[in-house]
Amino acid sequence: MTIADYAIIAIPLLAGFLILIRFLDWAVRSRLAPMLAKNLLDLHKKANRKLIEKEILRFPGIHMVESLTAWWAGELTFLATAIILLFMKNDPLHALLSFFLGAVLGGIVFFLSTRDEARKQVEAVRSTLPVASFLFSLMLEAGMGSSAALQEVVRALPKGPLARELQEISNSRMLGVSRAEAIERSRGRVPQDDYRAFLNLMQQGERLGVALSKGLRELSSRMMESQGHRAETHAQKAAVKLLFPLVIFIFPSVFLIILSPVILNLWELLGR
């Protein structure tokens, strides 16, 4: 190729690149890009709510999932699969097959990512609930009312699914929803037995006016003990999980290092 041929290719590419830069600069200055990003996020959130309302996604803890990571992972998988297959062969039938295969793989990635995220939300509630129950009992023993104590617990907890659920219960009266109805909604969203026992204690205190501090402290102690048993179970499973990499990777390397002088000497003797 001559210099003129390179110029014919490079000049349109440079012009297109400059036009793209000018368009991106205009989009940022005119706040078009943030508006499009916000609309895209809202669209994904609405689609997520529709899938949950239609009970297409019925994982335990799906109602607590707010992250859109699963959507991004599925969409990137779809685009990557479709683009790679289109570059391999470019014809209408192959393009249709590429989009179909990309959609299937993207859907699988979205499904698995959403299920994993829901499981993490349930585990986050299980790990944070003993602390919340203990703090709630301390606030009640200090003489605070249940509403004020619940607000203080929400402020003390780290950001997460449990803090969001308790915040919704705390703000129920300001939103025009009764505390009992807010508790029932939260019970349906969080499929966790300890959390439901915690809500039952709150509901008993709301209806009957009984002291909750002793029951909350006992519940917190029981949950702490259960977490200790789960940690011991995971620690016992760790030895079994380490067996595979030990046998496949570490033991052969150790044996090779130890026996390499003997093997080399035998090789020399046999060579003679």
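Values in this text are rule-based calculations from the coordinates and carry no lab data. What you are looking at is a predicted structure, and each value in this text was computed from that prediction instead of being measured. Virtual Cβ from ideal backbone geometry, glycine too; neighbours counted across all protein chains shown.
Using θ = phi - 60° in the Karplus curve 6.51 cos²θ - 1.76 cosθ + 1.60, the 3J(HN,Hα) couplings for region 55-63 round to 6, 6, 9, 10, 6, x, x, 5, 5 Hz; x is entered for Gly and Pro. Between the helical axis of 92-141 and the longest alpha-carbon principal axis of the chain there is an angle of about 30 degrees. May I ask for the angle, rounded to the nearest 10°, between helix 69-88 and the longest principal axis of the chain, with both axes built from Cα atoms and the value confined to 0 to 90°? Between helix and principal axis, roughly 20 degrees. For the chain, the longest principal axis of the C-alpha atoms and the axis of helix 213-245 are separated by about 30°.
Computed over the chain with a Gaussian network model linking Cα atoms closer than 10 Å, the most mobile of ARG196, ARG119, ARG173 is ARG173. Counting every other Cβ atom within 10 Å of each residue's Cβ, VAL65, VAL154 order from fewest to most as VAL154, VAL65. Potential lengthening of the chain between TRP72 and ALA239 amounts to 56.6 nm, from the contour at 0.36 nm per residue minus the alpha-carbon distance.
Can you give the extra length, in nm with one decimal, that the chain gains between ARG58 and SER127 once fully stretched, where that is 0.36 nm per residue apart less the Cα-Cα distance? Don't jump to the answer; show the numbers that get you there.
Values: separation 69, 0.36 × 69 = 24.84 nm, distance 2.24 nm.
Residue separation times 0.36 nm, minus the Cα-Cα distance, leaves 22.6 nm.
Cβ crowding within 10 Å, taken as a proxy for footprinting-reagent exposure, orders SER172, SER67 from fewest neighbours to most as SER67, SER172.
Mind checking which of MET174, MET223, MET202 has the largest fluctuation in a GNM of the chain, springs on alpha carbons under 10 Å? Between MET174, MET223, MET202, it is MET174 that shows the largest mean-square fluctuation. Of all the options SER253, SER147, SER186, the one that moves most in a Gaussian network model of the chain with Cα springs shorter than 10 angstrom is SER253. Estimated from helices alone, the mean residue ellipticity of the chain at 222 nm is -28500 deg cm²/dmol (sum of -39500 (n - 2.57) over DSSP H runs with n ≥ 4, per residue).
If a/c stays under 1.5 just call it rounded; otherwise compare a/b with b/c (prolate if a/b is bigger, oblate if not). Do that for the chain, with a ≥ b ≥ c from the square roots of the Cα gyration tensor eigenvalues. Don't jump to the answer; show the numbers that get you there.
Values: a/c = 2.73, a/b = 1.28, b/c = 2.13.
Since a/c reaches 1.5 but b/c is at least a/b, the shape of the chain is classed as oblate.
Pairs of lysine residues in the chain that meet both criteria, 8 or more places apart or on different chains and Cα atoms under 18 Å apart, total 4.
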